[in-house]
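The values are calculated or read from the model by the stated rules, or taken from the named source; none is laboratory data. If you're wondering where the values come from, they're calculated on a predicted model, not measured in any experiment. Positions of Cβ are backbone-derived with ideal geometry, glycine not excepted, and every protein chain shown enters the neighbour counts. These area figures cover heavy atoms from the full protein model, side chains too; ligands, DNA and RNA do not enter into them. Shrake-Rupley method; radii C 1.70, N 1.55, O 1.52, S 1.80 Å.
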Amino acid sequence: MSCSARAPAAFCSVVGLKPTIGALPTVGMAALAESLDCVGLIGASVADVALVWRNLLPAGRERAGVTRIGILRSGPQSRSVSLSLESGASLLAKAGAAVEFLEFDWLADAAAAGLVIAAVESSQQPWATKLQADVRDGVRDLLTAGRGADAAAYQRALLLKNYVTSEAARLLAIYDVIVSPVVPGPAPRTDSP
């Protein structure tokens with residue numbers, strides 16, 4: 001799932017990349033939610049992540065320079081996140097990119113649907129019952145929620161995922177890259193109770 005690379009990177013002041021699902025093979029990767037899983041990249045800089053990305057990308061999938069960038073505004077954001085998006089957009093525009101801010105009504109629903117899908121699909125993984133006692137509370141809660149999830153809610157979540165996937169394909173026909181904030185604000189402090 002995308003947060004497994006992007007959120008830790010955001011909280012650690014490094015770079016995380018969540019590629020399009022299926023852009024890189026997941027063979028050999030332990031599945032959490034198979035319909036959402038993808039290989040994410042974390043690196044010290046954009047240049048580092050770009051280097052790895054270019055070397056992992058199957059032949060013929062590369063794009064010459066990024067020129068059209070969509071910046072996704074997703075839900076409520078702290079002032080610092082909003083300022084970072086504006087600053088990034090300005091730098092990208094000065095570098096010659098065409099930058100446009102994007103907003104969509106369905107983003108909050110898509111995030112909730114992703115949690116339903118992750119819960120249901122992770123609870124069905126072979127490792128889920130074997131490791132139940134050895135997982136952290138958050139993962140244990142996810143597995144428990146997945147086992148108790150309503151089948152109709154899961155089907156609705158999959159329908160919304162399909163809609164979002166088609167929207168992403170439409171947007172990537174317009175933009176070379178979609179950039180989005182990972183979290184609505186700064187990382188939580190680790191030195192406070």
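At a probe radius of 1.4 angstrom, the accessible area of the chain per residue rounds to 62 square angstrom. The modelled label-to-label distance for the pair M29/Q155, using points 7 Å beyond Cα in the direction of Cβ, is 2.9 nm. Rounding to the nearest 10 and keeping the result within 0 to 90°, find how far the Cα-based axis of helix 137-147 lies from the longest principal axis of the chain. Once rounded, the angle reads 70 degrees. Once a ≥ b ≥ c are taken as the square roots of the eigenvalues of the Cα gyration tensor of the chain, is the result rounded (a/c under 1.5), prolate (a/b larger than b/c) or oblate (a/b not larger than b/c)? Prolate.
Counting protein heavy atoms only, the chain has 61 percent of its accessible area on carbon and sulfur, 1.4 angstrom probe.
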